[in-house]
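Enquirer: Provided herewith is a single structure, encoded as structure tokens, for subsequent inquiry.
Coordinate-derived values only; no laboratory data. What you see is a predicted model, and the numbers here were worked out from it, not measured in a lab. Neighbour counts run over all protein chains shown; Cβ positions are idealised from the backbone, glycine included.
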């Protein structure tokens, strides 16, 4: 080939190549993710960041090849059906739900065809959300936030290790979450095996916390545990303040409770669950059916101890417990 012809051919190819690349980018599909949460954006910002980080790691760029439609109920459970219906009307490709059973139920009632990915739901089989962990069936799959009664027992053990004279434990729970009611009996049995007696105390909203803690104090409670619930999670700061006022050390399953002022927490690493949720979304985008994607349990757990709270309450946390902590707040 003559040199001039070769240069002309290369120049033509170089001119066409950017156009071809541009055309290829233009036809790349943009996926839509619906995000339904019972909380507010501010209350779950760290989890949002973890989810978006997971998507970026899989090659999805928000605003380019993926659009996320965020909907927040801000603690108002009655808003969930309308928010879920709005996501369905927008034709999202998948709905990721942030929160406990009522959030999943709202999404399931809004659609039976759009895939739904759970993140922190508790005992989805017992709640009737899926057929089994191995084969969920229907349009729901994702991750569950705990391993059942076993992890609750672990929290009791840790609280007792921190408080050697512990005998009566308050259980702060939201009666609007039916699954929590079902777990009271196994919780009581687990506590009894450790020489503990539980005192269940109900609370649905912030103006009920003072009465709840007054009841626990009257009942001779020496420490308390918050039963898993997105509504109470949203009020964790107010609960921690009430606990410190009444000088009751508390525990729960999410690190954020320790950040708010609880003595200790032990549970699944929620940010890890949200990053893993992005993997489910990616598989669904690539054609996987939620009915065939097994629901996974947590693989990372974290123990967080708040020494600032211990000091305020006049408690000395055993060195053996501190040595096992994944994080110590000082």
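Enquirer: Does anyone have the angle between helix 178-193 and the longest principal axis of the chain? Alpha-carbon axes, 0 to 90°, nearest 10?
Expert: It is inclined by approximately 50 degrees.
Enquirer: Could I ask something else about it? Extending each Cα 7 Å along its Cβ direction at residue 291 and residue 132, get the distance between those two points in nm, one decimal.
Expert: Using points 7 Å along Cα→Cβ, the separation is 1.5 nm.
Enquirer: Take 218, 160 and order them by how many other Cβ atoms sit within 10 Å, fewest up front. All intermediate terms of the calculation are to be shown ahead of the outcome.
Expert: Working: 218 9, 160 19.
Going from least to most buried by this count: 218, 160.
Enquirer: Same structure again: I'd like the orientation of helix 236-245 relative to the chain: the angle between its Cα long axis and the longest Cα principal axis, in ° from 0 to 90, rounded to 10.
Expert: On a 0 to 90 degree scale, this one is about 20.
Enquirer: Show that you can apply the helix-only estimate: for the chain, add -39,500 (n - 2.57) for every DSSP H stretch of four or more residues, divide by all residues, and state [θ] at 222 nm to the nearest 500.
Expert: Values: 13 runs with 148 residues, N = 330.
Mean residue ellipticity at 222 nm (helix-derived): -13500 deg cm²/dmol.
Enquirer: Next question, about the same structure. Taking the Cα centre of each part, how many Å lie between region 238-310 and region 124-196?
Expert: 14
Enquirer: Is the shape of region 170-264 best called rounded, prolate or oblate, per the rule: a/c under 1.5 gives rounded, else a/b larger than b/c gives prolate, else oblate, with a ≥ b ≥ c the square roots of the Cα gyration tensor eigenvalues? Walk me through the numbers before you get to the answer.
Expert: Values: a/c = 1.39, a/b = 1.20, b/c = 1.16.
Judged from the Cα gyration tensor, region 170-264 comes out rounded (a/c under 1.5).
Enquirer: Rounded to the nearest 5, what % of DSSP beta bridges with both residues in region 178-330 are antiparallel? Could the numbers behind the result be given before it?
Expert: Working: 5 of 12 bridges.
The answer is about 40 percent antiparallel.
Enquirer: Next question. Using label points projected 7 Å from each Cα along Cα→Cβ, tell me how many nm separate residue 208 and residue 327, to one decimal.
Expert: For the pair residue 208/residue 327, the computed spacing is 2.9 nm.
Enquirer: Give the label of the value calculated from the structure for Rg/Rh (Cα atoms, Kirkwood Rh), choosing from (i) 1.03; (ii) 1.12; (iii) 0.99.
Expert: So the calculated entry is the one marked (ii).
Enquirer: Arrange 123, 327, 296 by Cβ neighbour counts within 10 Å, fewest through most, would you?
Expert: Values: 123 19, 327 13, 296 16.
The fewest-first ordering by Cβ neighbours comes to 327, 296, 123.
Enquirer: For the Cα atoms of the chain, what angle does the longest principal axis make with the long axis of helix 80-89, in degrees from 0 to 90, nearest 10?
Expert: Long axis of 80-89 versus the principal axis of the chain: about 10 degrees.
Enquirer: Does region 266-330 come out rounded, prolate or oblate by the C-alpha gyration tensor, with a ≥ b ≥ c the root eigenvalues, rounded set by a/c under 1.5 and, if not, prolate when a/b is larger than b/c and oblate if not? Please list the in-between numbers first.
Expert: Numbers: a/c = 4.89, a/b = 3.74, b/c = 1.31.
Prolate is the answer for region 266-330, as a/c is 1.5 or above and a/b outweighs b/c.
Enquirer: What is the chain's relative contact order, in percent, from Cα pairs under 8 angstrom and six or more apart in sequence? Mind showing how you got there, number by number?
Expert: Numbers: 620 pairs, mean separation 60.4, N = 330.
Reported as a whole number, the value is 18 percent.
Enquirer: Moving on to the next point. Working out 0.36 nm times the residue gap between residue 112 and residue 125, then minus their Cα-Cα distance, what length gain in nm do you get to one decimal?
Expert: Numbers: separation 13, 0.36 × 13 = 4.68 nm, distance 1.74 nm.
Gain on stretching residue 112 to residue 125: 2.9 nm.
Enquirer: Here is a follow-up. Of all the Cα-Cα pairs you can form in region 89-245, what percent are over 18 Å apart?
Expert: Working: 7591 of 12246 pairs.
Summing the P(r) tail past 18 Å for region 89-245 gives 62 percent.
Enquirer: A further question follows. Give the percent of DSSP beta bridges with both residues in the chain that are antiparallel, rounded to the nearest 5. Before the final figure, lay out the partial values.
Expert: On the way: 5 of 43 bridges.
Beta bridges within the chain, antiparallel portion: roughly 10 percent.
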